[in-house]
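Undergrad: What follows is a single structure, and I will ask about it in a moment.
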Amino acid sequence: MAADPIAAAIDRAVHAGVFPGAVLAVSLRRRVIALRAFGMAASRPAPEPLNVDTVYDLASLTKPFATATAVALLLQDGRLSLEDRLERHFPEFDGRPLGAATLFHLLNHSSGLPGWRPLYESLGDRHRLEPGSLGRHAPSAAAIDLIAQEPLLHNPGEQSIYSDLGFILLGIVIERVSGLGLADFCKSRIYDPLDAHPLCFLRVGVEPAAIEQDGLRLPVAPTEYVAWRGGLLRGEVHDDNAYALGGVAGHAGLFGTAAALLKVSGAWLRSYHGVDDFLDPAVARRFTARQSTPGSSWGLGWDTPSAPSSSGRYFSARSFGHLGFTGTSVWVDPTIELEIVLLSNRVHVDPDNAKIQQFRPLIHDAVYEEVIERRDAH
């Protein structure tokens, strides 16, 4: 495709300080038509080159690309039901209002849980008292106890409040039902079968500067400089709660490349159309469709466009996608089989940098106009 308008838009974003650089991947009708890197992987303490194999902290893309996909597979296996009440999987919630919420409510962000709480403060205290506890069962048990104490902001199903806490619980449900750690389940049931590499969780304490893939060392883009965590974060999850949980959590912690993400989004898209048996078409369509929760655009682990949308002006109402705090996003339009992955580390220099909010719809519009309107016109 003629990439000049798209390249110009991303180059302008780099110069405007939206992010140090970005990787863009585009698939149309199940074929990758663009995979390009722009700008730098980092600007401090010194500039670092960026290429399409650079690994990014995917932040909340963990929710659909790990947790929701894992739940969908366990649902197909008959080991979970969307109507499972939380008290079935968490005896800790028996008799509490949260125990009556269901897995549907967690996936739909309509359980009544608040969006976020600084769990890492309490979990960090435990780690200081018990060195080496990060990533073991103790942090998960402590997180459950802390979440159990949260009063619900509304009754389950009344409205949606985007909640990391709900997806932390979903990650634990996957582990309890499957008997595997979340990272191991996702590797064996999602990433290995789809050859979606590198997609992986990086446990706290590993801190790789690069990830091994097919005998090659792939660089990891750094995120923010965080003094209390020892400086510039690289190969260590940016999200503090995921960090306190050992780097593996249902809401954040996944790392990967744009090409690897397309392997998973492509499986969802093909399943949606019934041309892949990775997921049952009914399951894929249910998870990616907007649900009936009042005032909400959420599906199940996936979001849908609502004006103004980060997907821009052109993506259909049947589209599904998700954003990540570090500067990542994926949007898929099944009506034209268009998938767009944008990976960046916009938090690298300034975590409060919000310029990407204006950029996201612009780049999706530019890609759509270039690959759909102009291509079809010819």
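The values are calculated or read from the model by the stated rules, or taken from the named source; none is laboratory data. Computed from a predicted model, the values in this text were never measured in an experiment. Here the Cβ positions follow ideal geometry from the backbone for every residue, glycine too, while neighbour counts run over all protein chains shown.
Undergrad: When residues of region 168-182 are filtered for being part of a helix (DSSP H, G or I) and either crowded, with 23+ Cβ neighbours inside 10 Å or of a type outside the set (A, V, I, L, M, F, W, C) (or both), how many remain?
TA: Residues meeting the conditions: 10.
Undergrad: Tell me whether region 291-303 contains one or more residues that are assigned to a loop (DSSP other than H, G, I, E, B), β-branched (Val, Ile, Thr), farther than 26 Å from Ser81 by Cβ and touching a residue at least 40 places away in the same chain (Cβ under 8 Å).
TA: No, the conditions are met nowhere in region 291-303.
Undergrad: Being charged (D, E, K, R) and assigned to a loop (DSSP other than H, G, I, E, B) is the filter here, so list the residues in region 183-214 that pass it.
TA: Asp195, Arg203, Glu207, Asp214
Per-residue answers, yes or no, for (1) buried (at least 21 other Cβ atoms within 10 Å of the Cβ); (2) out of contact with any strand residue (DSSP E or B) (no Cβ under 9 Å at 6 or more places or on another chain); (3) among the β-branched types (Val, Ile, Thr); (4) at pLDDT below 95:
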site: Arg313; (1), (2), (3), (4): no, yes, no, no
site: Ser319; (1), (2), (3), (4): yes, no, no, no
site: Glu339; (1), (2), (3), (4): yes, no, no, no
site: Val371; (1), (2), (3), (4): yes, no, yes, yes
site: Arg374; (1), (2), (3), (4): no, yes, no, yes
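Undergrad: Follow-up question, since we're still on this one. Kindly list the number of the only condition in (1) part of a loop (DSSP other than H, G, I, E, B); (2) within 19 Å of the chain's Cα centre (by Cα) that fails for His322.
TA: Failed condition: (1).
Undergrad: Looking at region 215-222, is at least one residue in a loop (DSSP other than H, G, I, E, B) and over 20 Å from Thr328 (Cα atoms)?
TA: The answer is yes, given that some residue of region 215-222 is in a loop (DSSP other than H, G, I, E, B) and over 20 Å from Thr328 (Cα atoms).
Undergrad: Under 8 Å between Cβ atoms, which residue pairs at least 6 apart in sequence (or on different chains) link something in region 161-187 that is in contact (Cβ under 8 Å) with a residue 12 or more places away in the chain with a partner that is among the basic types (Lys, Arg) and part of a helix (DSSP H, G or I)?
TA: Phe167/Lys63
Undergrad: Hey, can you tell me all the residues within region 92-117 that are out of contact with any strand residue (DSSP E or B) (no Cβ under 7 Å at 6 or more places or on another chain), hydrophobic (A, V, I, L, M, F, W, C) and either surrounded by fewer than 19 Cβ atoms within 10 Å (Cβ to Cβ) or in a helix (DSSP H, G or I) (or both)?
TA: Phe93, Leu98, Leu103, Phe104, Leu106, Leu107, Trp116
Undergrad: Taking the stated definitions as given, is Leu269 closer than 18 Å to Gly321 by Cα and outside any loop (DSSP other than H, G, I, E, B)?
TA: yes
Undergrad: Right, another one. Report whether or not Ser311 is in a loop (DSSP other than H, G, I, E, B) and out of contact with any helix residue (DSSP H, G or I) (no Cβ under 7 Å at 6 or more places or on another chain).
TA: no
Undergrad: If you go through region 212-240, how many residues are in contact with a Leu (Cβ under 7 Å, 6 or more places away or on another chain) and more than 22 Å from Lys187 (Cα to Cα)?
TA: Count: 5.
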